[in-house]
Amino acid sequence: MSAAVGYATKWGALPTLTGAPTHYCAGCEHGTLTRLLASAIEARQARERAVLVSSVGCSVLAHEYLNVDAVQAPHGRAPAVMAGIKRARPDLLVFGVQGDGDAVSIGLLELVNAANRGEPISIFLVNNAIYGMTGGQMAPTTPAGMVTTTTPNGRDVATTGRPFDATRLLLGLDGPAYLRRVFLPVAPTGSADVFNARGALDGEAAIRHAFEVQERGGFSFVEFVSTCWVNWKVSILESKRYAARVLAPLFPPGLYRDRFGVEAR
Amino acid sequence: MTALPEFLKGNEALAYGALRAGLTAFYGYPITPSSEIPETLAAKVGRPEFPRFRVFLQAASELEAINLAIGTAATGARTMTATSGPGFSLKQEGISYAAAMELPLLIVNVNRAGPGLGNLGPEQSDYFQATRGGGHGGYRTIVLAPDSVPEMARLPALAFSLAFRYRTPVIVLTDAFLGQLKEDLPVPDVAPEEWDTSWAATGARGPVRHVLSSLHLELADQNRHSRHLAAKYAEIARTEQRSEDVATDDADVVLVAFGICARLARAAVGSMRARGLRVGLLRPITLAPFPRDRIDDLVLSGVRRFLVLELNHGQMVDDVALAAAGRAEVRGLTEVGGLLPTSAAIGAAVEAMAVSPTPLVAAEEVDA
């Protein structure tokens, strides 16, 4: 972790950001997502009815940066905590940010069952293919061959399984109303050091749609393909290139389900 | 409100008691011998006689149940989950978080025999797990122990009252026998109490927001929070001890027992009094905080012999011995595996103790 500039101060204040400097590393999409969430909440004028559920992992301090009510969940249990809030208070906009280890490994039961019941909540999965907060261990989403602290010779899919595609797993259920995957990092354009920020624009649109789906009574899930250069042990730029080259084909971005047709509006 | 049915199983009575106390949400996972609690509640959601009861969900696991409960409790609503031993173990993670986040929450454990899968008979072997804070990180919970079907119906109201007053999880520790026992149930109508829920996470209002988190990364912050919790638990220990005395005034031997064992002990006191033995009963109603002040009173009034009756290998006996602090003889009579001690065994243990030499340790010597 490294100290970073507060998004609120650098990019202009949003009332839904506290302005506290984040603990996210420079170049990490968690910071981007924080800003996008704030923007989408304000677009719905939802700050006073929003409740964030913080999960365990790099998203654990989201409530320090998002200026909304918040409840912390044990590792992996955020979907259950979200559903508990929403069932008691259907008037609230309930959302959470989970990492791949949190949502897809230790918390898979909670994710799948909340999705299968179609709980009207919004889950934002940051898939950076590794355990970030605990220091770079193999995640369920780690690509074959990636070196992590617990796969020093690269991930051997013969013994540890193939990278877990959470979005397609949820697509197998009838419960979810909205499933989308966004490539969030800045993307290489072909020219050596020129990148585009299309992912952030897609990401904010996806969050707005996810909130719309929730407030129309559906379960919404957006997976953000992301990077973790610190634990991947590459440069920031190389992490973006790796994500485009390896993760994007493995976790193809796109609209997987839009039962209410919110994207067509 | 309509009257309750008047002949109920303990588990059913507890469910009605929770409804009478204003229950809003229940989450549970099926496990014998507690399943009558969700089964009773499933049929009551949305019924006009219980207008506050809006949410019932059979969870996918014990973990999901306790975390659904955490979410609902975070909104300030009255929330309950119920289980038995193996499920109680699974819930410990969530109870630790709820204690740290200071959430009012009611957890019922209908204790079955264990360890592992054990069997479906009654035990009190989860006493330590319940009263010591069964999860990680050094918290405590309030633990209430009913000994009859009517008390199964009464205790949820007390549990919610304590849970909201102190913002802490409260456990009702009962057992397979009381859960399945059927008794007459004359429960008066009581209006649910109202409590302050201004701390709940139900949306920020201007600059005021509510963050319910157990994370305190700065060492000084965690230190402060832990001390705050410890001070709360100390206040609870000072002010919330509850117990019932039966014929302890002149007793040579005081039985100490809770739950189903208290019923056995109550019967034993009656039959032994009839035979001229001066025997009494102290029945803890709060297992945590343990009624150590009452033990202390009894010791100071001259009681020198305590016989602790419990369905485990000896757990509450430690709390009695701690409270007696060497000033009285403390023995245990235990039974396990789903069996109950016979009245003959209880009688023999009391008689053996009554004729043993009075312990020589005097209170003054210990105090010095």
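Which ones in the stretch A:223-249 are of a type in the set (S, T, N, Q) and either in a loop (DSSP other than H, G, I, E, B) or closer than 15 Å to A:V194 by Cα (or both)? Answer for the stretch A:223-249, where residues must be of a type in the set (S, T, N, Q) and either in a loop (DSSP other than H, G, I, E, B) or closer than 15 Å to A:V194 by Cα (or both): A:S226, A:T227, A:S235, A:S239. The residue pairs whose first member lies in the stretch B:53-68 and is facing another protein chain (nearest Cβ under 8 Å), whose second member is modelled with pLDDT under 95, and whose beta carbons are closer than 9 Å, counting only pairs six or more residues apart or on different chains, are B:R54/B:G46.
Of all residues in the stretch A:180-204, those being within 21 Å of A:S59 (Cβ to Cβ) and not in a loop (DSSP other than H, G, I, E, B) number 9. Restricted to the stretch B:117-134, and to residues there that are assigned to a loop (DSSP other than H, G, I, E, B) and out of contact with any Asp or Glu (no Cβ under 6 Å at 6 or more places or on another chain), the residue that is surrounded by the most Cβ atoms within 10 Å (Cβ to Cβ) is B:E123. When B:A230 is tested against (1) more than 14 Å from chain A (Cβ to nearest Cβ); (2) outside any loop (DSSP other than H, G, I, E, B); (3) in contact (Cβ under 8 Å) with a residue 40 or more places away in the chain, just one condition goes unmet, and that condition is (3). For the stretch A:79-88, the condition holds for no residue, the condition being that it is modelled with pLDDT of 95 or more, crowded, with 18+ Cβ neighbours inside 10 Å and under 21 Å from A:C28 (Cα atoms). Of the numbered criteria (1) surrounded by fewer than 24 Cβ atoms within 10 Å (Cβ to Cβ); (2) at pLDDT 95 or above, the one A:P188 fails is (2). Just one residue in the set A:T160, A:T141 is polar (S, T, N, Q) and either buried (at least 23 other Cβ atoms within 10 Å of the Cβ) or within 29 Å of A:R259 (Cα to Cα) (or both); that residue is A:T141. Scoring A:Y131 on the criteria (1) within 22 Å of B:G94 (Cα to Cα); (2) more than 10 Å from every other protein chain (Cβ to nearest Cβ) leaves a single failure, condition (1). So, of the residues in the stretch A:139-179 that are aliphatic (A, V, I, L, M) and not in a helix (DSSP H, G or I), which turns out to be farthest from A:I123 (Cα to Cα)? Of everything passing the filter in the stretch A:139-179, A:V147 is farthest from A:I123 (Cα to Cα).
Considering each residue of the stretch A:38-45 in turn, none proves to be of a type in the set (K, R), more than 18 Å from B:L217 (Cβ to Cβ) and within 8 Å of another protein chain (Cβ to nearest Cβ). For the stretch B:92-110, the set of residues classified as touching a strand residue (DSSP E or B) at 6+ places or on another chain (Cβ under 7 Å) and more than 11 Å from chain A (Cβ to nearest Cβ) consists of B:A99, B:L106, B:I107, B:V108, B:N109, B:V110, listed by residue number. Does B:L162 meet the test of being of a type in the set (A, V, I, L, M, F, W, C), surrounded by fewer than 24 Cβ atoms within 10 Å (Cβ to Cβ) and over 24 Å from B:R227 (Cα atoms)? The answer is no for B:L162.
The values are calculated or read from the model by the stated rules, or taken from the named source; none is laboratory data. This one's a predicted model, so the numbers in the text were calculated from it and none came from an experiment. Ideal geometry is used to build each Cβ from the backbone, glycine not excepted, and the neighbour counts take in all protein chains shown.
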